[in-house]
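Data first, discussion second: the structure below is written as structure tokens.
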Amino acid sequence: MTTGAFFRSTRIVLLGMVIAQAIPLLGSLVIARLYMPADFGAFATWLGAVMTAAVLVTGRLEMALVIEEDGEPRRFAMAATLATICGAAAALFVLVLGAHLVVFDTRHFTPGLVLAFLPATLLMAVAQTWQSWTAAEGLYRELSLIRIAQALGVTGVQVLVGWLAPSALGLALGHALGVLVGVVAAAYMMPLSLRAFLPWAGFRTKLRVFWVQHRRFPLLALPADFINTAAGQLPLFFIASKFGAEASGLYALSVRILGGPISLLGTAVLDVFKRSAATSYRELGHCRDDYLRTFRVLAALGVVLALGVFLVAEPLFALAFGETWRQAGVIAVWLMPMFALRFVASPLSYVFYIAGRQQVDLAWQCGLLGMSLLAFMAGLDFESSVKAYAAGYAGMYVIYLLLSYRYSKGGPT
């Protein structure tokens, strides 16, 4: 992919991402006034568990879609990934329901949140996979429309429920129904015929071959991404248990407002980078030029975002959400170095998959989890815990960037 084509594709995805992210940001102005911080904290803890479980049930096989050749091979890979998700979600349903019946704990999850957990996990995993397929096909306009539809669904239902009966369960149901809207939109724009699963006997044989061919993803990439997601959600669980639901709610809003746009901007670049980098690696044996071009774009944007947050976060949170949420703006400043480096490093980390270095990624993720646990176990108060976590995360991302650049230059796996 040429530089011009790269930037054109990135602009298409970025425009859709900006619209998709503007919807929940504007919705947050209403949601913050409809729900209490404690409700938002309980929902954020539930959502963290859903996001972690969604990574688990995919087996990370959706990351293999872009590596498959265009056409029938990728369509079958999509069908195989969806079949894997459904089987894993069914097994997870039995485990979670059994655990809830044996150890009934309502401190963080009420029965309603437990019942909403499995459908939300399945929907989120399917939504992520369908978006990965759309990006792998290079259909960036359709990808943007799918994300906009999902954002409208989530925000619209959460606001509606907040007017009628605001609660953590209302936020959870709103999120699940909104993701369902995104899945329906994806299936409409990128239909997958049931013939891809038929005949069932032949499909099962090809499915086993697919699992063997891409075994490095569930064996190495899945534990790595599961640990990464767990490390990212770990603060919510620690803060809720050590400092209360209100502190968890303040932290959650800060991450939602700060992390949402940064993550989605990075994802817009990733959607284009992973296709161009995978093509270059197949044809040239390296993707160094794609890596450096993408790094320059991300680094420039990261600096601008960081300066903006440092200058206006605290007063902006108070103005937009009310004085009750001013502390969330302070937390955003504490977290900004971590998010700025995540913005640069996360899209480029796809090099680990392309170069077949999942084992190195797994080792790095284990180090990240250890650092996260240490930060919150050693921290004596809320501020020192969050600052230690953010500083440690930023340092780990510097190592991540050095490793990913090294592997972008190619070489034996």
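Quick one: in the range 68-101, of everything that is of a type in the set (Val, Ile, Thr) and surrounded by 13 or more Cβ atoms within 10 Å (Cβ to Cβ), which residue is farthest from Arg208 (Cα to Cα)?
Val96
For the range 165-189, give me each residue that is surrounded by fewer than 19 Cβ atoms within 10 Å (Cβ to Cβ) and within 19 Å of Thr84 (Cα to Cα).
Matches in the range 165-189: Ala187 only.
Just need a number here: residues in the range 49-72 that are aliphatic (A, V, I, L, M) and closer than 22 Å to Ala252 by Cβ.
Here the count works out to 7.
Where in the range 139-233 are the helices (runs of 4 or more DSSP H), entirely inside, with at least 1 residues that are under 19 Å from the mean Cα position of the chain (by Cα) and not hydrophobic (A, V, I, L, M, F, W, C)? Spell out how you get there, then give the answer.
On the way: elements: 140-164, 168-189, 200-213.
It comes to 140-164, 168-189.
Are there any pairs with C-beta distances below 7 angstrom linking a residue in the range 112-135 that is in a helix (DSSP H, G or I) to a residue that is acidic (Asp, Glu) and buried (at least 24 other Cβ atoms within 10 Å of the Cβ), with the two at least 6 apart or on different chains, and if so which?
Gln128/Glu62; Thr129/Glu62; Ser132/Glu62; Ala135/Asp271
Condition first: among the small types (Gly, Ala, Ser), in a loop (DSSP other than H, G, I, E, B) and without any contact (Cβ under 8 Å) to a residue 60 or more places away in the chain. Now tell me which residues in the range 17-76 satisfy that.
Gly71, the sole residue that qualifies.
Restricting to the range 184-202, what's the tally of residues that are at pLDDT below 85 and among the aromatic types (Phe, Trp, Tyr)?
Total meeting the criteria: 2.
Take the range 16-53 and flag every residue that is at pLDDT below 70 and under 30 Å from Leu222 (Cα atoms).
Gly16, Met17, Val18, Ala20, Gln21
Any residue in the range 295-310 that is among the aromatic types (Phe, Trp, Tyr), in contact (Cβ under 8 Å) with a residue 12 or more places away in the chain, surrounded by fewer than 16 Cβ atoms within 10 Å (Cβ to Cβ) and in a helix (DSSP H, G or I)? Don't jump to the end; show me each part of the working.
Filtering the range 295-310 for residues among the aromatic types (Phe, Trp, Tyr) gives 295, 310.
With the extra rule that they be in contact (Cβ under 8 Å) with a residue 12 or more places away in the chain, the set shrinks to 295, 310.
Next, only the ones that are surrounded by fewer than 16 Cβ atoms within 10 Å (Cβ to Cβ) stay: 310.
Still in the running and in a helix (DSSP H, G or I): 310.
Yes, some residue in the range 295-310 is among the aromatic types (Phe, Trp, Tyr), in contact (Cβ under 8 Å) with a residue 12 or more places away in the chain, surrounded by fewer than 16 Cβ atoms within 10 Å (Cβ to Cβ) and in a helix (DSSP H, G or I).
Residue-by-condition table, conditions (1) touching an Asp or Glu at 6+ places or on another chain (Cβ under 7 Å); (2) more than 17 Å from Pro37 (Cβ to Cβ); (3) aliphatic (A, V, I, L, M); (4) at pLDDT 75 or above:
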site	(1), (2), (3), (4)
Leu234	no, yes, yes, yes
Asp271	no, yes, no, no
Lys274	no, yes, no, yes
Glu283	no, yes, no, yes
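Looking only at the range 394-410, count every residue that is of a type outside the set (Gly, Ala, Ser) and under 22 Å from the mean Cα position of the chain (by Cα) and tell me the total.
7
Identify all residues within the range 202-227 that are aliphatic (A, V, I, L, M) and surrounded by 14 or more Cβ atoms within 10 Å (Cβ to Cβ); write none if there are none.
Step one: of the range 202-227, the residues aliphatic (A, V, I, L, M) are 207, 209, 212, 219-222, 224, 227.
Passing the criteria: Leu207, Leu219, Leu220, Ala221, Leu222, Ala224, Ile227.
For residues that are surrounded by 15 or more Cβ atoms within 10 Å (Cβ to Cβ) and either farther than 19 Å from Leu335 by Cα or hydroxyl-bearing (Ser, Thr, Tyr) (or both), tally how many sit in the range 368-390.
Qualifying residue count, the range 368-390: 3.
The values are calculated or read from the model by the stated rules, or taken from the named source; none is laboratory data. Note that the structure is a prediction, hence the values are computed from the model and not measured. Ideal geometry is used to build each Cβ from the backbone, glycine not excepted, and the neighbour counts take in all protein chains shown.
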